[in-house]
Every structure is written in structure tokens, then in C-alpha cells.
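Below is one structure, written out as C-alpha cells; comments come after it.
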Amino acid sequence: MDIANEYRVSRQYVNFLAKKGGYVSPITTITENFPWDVEEMNAGNHLYQSLQLFGHYRLDGWESLKGSSKYKVSGLIKKLRAFNLTSYWTKAINT
């Protein structure tokens, strides 16, 4: 059962308490370890989000992705293959 529903609070409040307690989400870890900085206004970019999700997939496995996240990662992998950019990504894609 969802913690927020069980205790009748918002999901944002649960997230606030988790962060206050020291929890760091996998997406935050991935984003902090990107080799470049992205301005806040570009954080919603489709490619950027796909790269974040690809990192999440590599960190926690395919089962950690849900719904449209799997679709975005699959699309990114297809594009890398279509443009023959998989030599750098081959190990990540084939595992």
C-alpha cells in the first residue's frame, strides 16, 4: 500500500520526510553523476529524461522502470542502434 494513502498525507510530504531523513533517489544519483550540467529550463528535455531513465535502468534493472519509462528507454536504444552509435554503448545495451 502507498505510504501517503495509508497515513493520509500527500506524496510530496512523504518525499520531504524521506529527503530530510537522508534518502537519495536513484534518479538524483544518476543526474548528479552526469558528465555535464543541464540548466533547469532544459531538464524536461526528452533526450535528457531518456538518458536519466537509461541510467536508472542500468542501476536497478529493467523491472525498475514502469510504463512510459520503458518506452523512452527502448526508443533511446533504437536510436543509438539506428545511428550506429552502439559501439560505445554496446556493453550497456546488451546486458
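Each value in this text was obtained by applying a stated rule to the coordinates, not by laboratory testing. Predicted model, so just to flag it, every value in this text is computed and none were measured. When we count neighbours, we look across all protein chains shown, and the Cβ atoms used for this are built from the backbone with ideal geometry, even at glycine.
The table that follows gives values for the structure above.
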{"quantity": "Count, lysine Cα pairs under 30 Å in the chain, 8 or more residues apart or across chains", "calculated": "14"}
{"quantity": "Computed over the chain, Kirkwood Rh from alpha-carbon pairs, angstrom", "calculated": "15.3"}
{"quantity": "Helix-only CD estimate at 222 nm, as mean residue ellipticity for the chain, using -39500 (n - 2.57) per DSSP H run (n ≥ 4)", "calculated": "-19000 deg cm²/dmol"}
{"quantity": "Label point distance in nm, residue 5-residue 34, each placed 7 Å from Cα along Cα→Cβ", "calculated": "3.2"}
{"quantity": "At most 16 other Cβ within 10 Å, DSSP loop - trypsin sites (Lys or Arg not before Pro), the stretch 1-65", "calculated": "8"}
{"quantity": "Distance (nanometres) between label positions extended 7 Å along Cα→Cβ at residue 43 and residue 59", "calculated": "1.4"}
